[in-house]
Amino acid sequence: MRLQWAKHQQRWFGKWHVYLGIIAGAIVAFVGVTGSILVFQDEIDRALNPELFLVMEQQHKMSFAEILPLIREKHPQLKFSYMMMEVDDKPNLAYRLFNFKTEDEYFINPYTAELSGKRLHESSFIHIVTELHRTLLVPTVGRYIVGIATLCLLILTISGLRLWIPAKWNQLRSVLTVKFSAGFKRQNYDWHNVLGFYSAPVVTLLSLTGVCITFSPLVIALLFVLNGQSPQGVAALLGAKSTYTEGARTLPLKDIVSLANETMPGGRVAGVAFPSDSTGNYRLDIIGEGLPKSGKREMLILDQYSGKVLLNSRTDFPNSGSAYLSWLTPIHYGSFGGMPTKILALLGGLMPLVLFVTGFIIWWPRFRKQKQKVHNAEIADLITLTFRYRWHYFYFNLKKGFRYAFWVVLSSIAIGALYGLPSGIVIQPAVFAIAFTCLLVVVNFVVALPVWGINLLFFAPFRKGSRGIIRYFAWSFSFLVVYLACYLLLMNTGMQIF
């Protein structure tokens, strides 16, 4: 069996697993640990700063519209651009005001409008951990390093699952358990396989949502394209400006909140971004009723003078866009299902570190013993390809790709459902997994198409070409067909649940 596993790991997915683990393992391990901390970021921040967050509960807690004039009257020196309440809206929690230019953060007692504390948001422990998680404290470039490393984690998880599949199904029991009577190396190998398998549903969803968060502009544009809308449409919606005329006066917040309640009944205003200049607008972040358990997130943008609706996420976003707004962050941090899924997200964030360490222990002795070998089969990747052979090879891999795509779709459904199972929420994560994996499949095909074209134009005329490129394009095309079909089906059925 040991020989079978070694041979198993020489295949292309085994090499991808090893090389990506070496390249990105340390980064994804660090990002995972910081992500685990952020699962309970609100609880940690409140515990570290109780004097800022906690206030004494009194009889009447003022709404945003009621308290804003008092804040302006009592604290005219405060300059802020955003006001928010905590998502869980507990009676003893302060309101928070942010000045995005100076990074000042103010805490306001919702019963008295008194200033209960102030801090520089950038200096807070949770903010530092957040920046480490998102950018490694390297502006701009670090964000994309993390995003690419997170994509590597997704590929590592998928290739690891493929490696995990035993050569014979009667070996299934042995790959699902740890042999405690064995030596250290065998136990380490077993732990790597077992932990990787059981944590795969959570780690896959964490990495998928992490990629979508990092590359959000591209993801949002694709969501509109796949729904038959121009990506410029969302840019126009999000960038809408208020219409200023001479003598126009900004509407008070109470009128804006009243309009929001009429436009989005059943929602609760949890945050307000104030107009920054004469053409700025009010942006209201609204928590709606229903799933996820942390609240359905919606957005409303209003003209600051007339109150005209410039963006309503309920009507202007496609269903997949609503899923992005409501579910992406809750799935990434596990809050969509309450405490059970938050615990799973915390453990899932720790898994890359554990798997990196156990994987390194597996790889290092093999690397030291490895000898330089030349394999004729590998040297002959660029081979003479006749036109007939080329298309036969494409057709063979196309059929194989459809088979793989079918099983990956089923795995996506299972992964999403298993993540939400402890909280009893299984349909939405499963639908989310398929819909947003489709975005990665589309991007992959966009990359595969020109690669195949170059191979066809510059190598095929000389009866040369790479079998690997032909296989890559055939699989990419088959995955595109299968996932687009699933996506379109969900748009008319399953996505309605968002």
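The values are calculated or read from the model by the stated rules, or taken from the named source; none is laboratory data. None of these values were measured; they are calculated from a predicted model. Neighbour counts are summed over all protein chains in view; Cβ atoms, including those assigned to glycine, are modelled from backbone coordinates with ideal geometry. Calculation scope for accessible area: heavy atoms of the full protein, side chains included, ligands and nucleic acids excluded. Shrake-Rupley method; radii C 1.70, N 1.55, O 1.52, S 1.80 Å.
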Rounded to a whole %, the carbon-and-sulfur portion of the accessible area of the chain at a 1.4 Å probe is 65
Using the Kirkwood formula on alpha carbons, the hydrodynamic radius of region 170-289 in angstrom works out to 19.9
Expressed per residue, the solvent accessible area of region 118-185 in Å² (1.4 Å probe) is about 60
In debye to the nearest 20, the charge dipole size for region 172-257, taken about the Cα centre with +1 at each Lys and Arg Cβ and -1 at each Asp and Glu Cβ, equals 440
Sorted on mean Cβ neighbours within 10 Å (highest first), peptides 471-483, 99-111 come out as 471-483, 99-111
Percent relative contact order for the chain, counting Cα pairs under 8 Å at least six residues apart, stands at 16
For 421-429, 112-120, ranked highest to lowest by mean beta-carbon neighbours within 10 Å, the order is 421-429, 112-120
Env charge @ residue 322, Cβ radius under 13 Å, K,R +1 / D,E -1, value +1
Distribution output for region 235-311: share of Cα-Cα pairs per 10 Å bin in percent, first bin at 0, values 20, 50, 24, 5, 1
Subtracting the Cα-Cα distance of residue 148 and residue 169 from 0.36 nm times their residue separation yields 4.1 nm
Under a 1.4 Å probe, counting only protein heavy atoms, residue 366 has an accessible area in Å², nearest 10, of 120
Per residue, accessible area of region 199-318 with a 1.4 Å probe, heavy atoms of protein chains only, in Å², comes to 43
Taking the reciprocal of mean 1/r across every pair of different Cα atoms in region 149-224, the Kirkwood radius in Å is 14.2
As a Kirkwood estimate from alpha-carbon pairs, region 91-135 has a hydrodynamic radius in angstrom of 11.5
Computed over region 141-285, the relative contact order (Cα-Cα under 8 Å, seq sep at least six) in percent reads 19
For residue 16, the accessible surface traced by a 1.4 Å probe with all protein chains present amounts, in square angstrom to the nearest 10, to 130
Put 391, 169 in order of accessible area, largest first, probe 1.4 Å, and you get 169, 391
Around residue 150 (Cβ within 11 Å, Cβ-to-Cβ, excluding residue 150; K/R +1, D/E -1) the net charge comes to +2
Here the membrane-span-like helices of the chain, with no claim about any membrane, defined by DSSP H, Cα axial extent at least 20 Å and mean Kyte-Doolittle at least 1.6, are 141-164, 427-454
Of 49-56, 278-285, 24-31, 181-188, ordering from highest average Cβ density within 10 Å down gives 24-31, 278-285, 49-56, 181-188
One checks the Cα atoms of region 39-164 and finds Rg and Dmax, in Å, of 19.2, 65
With a 27 Å threshold on alpha-carbon distance, the violating pairs from 79/254; 179/369; 15/185; 101/342; 118/296; 369/399 are 101/342; 118/296; 369/399
With R₀ set to 51 angstrom, the calculated FRET efficiency between the beta-carbons of residue 248 and residue 427, to the nearest 0.05, is 0.60
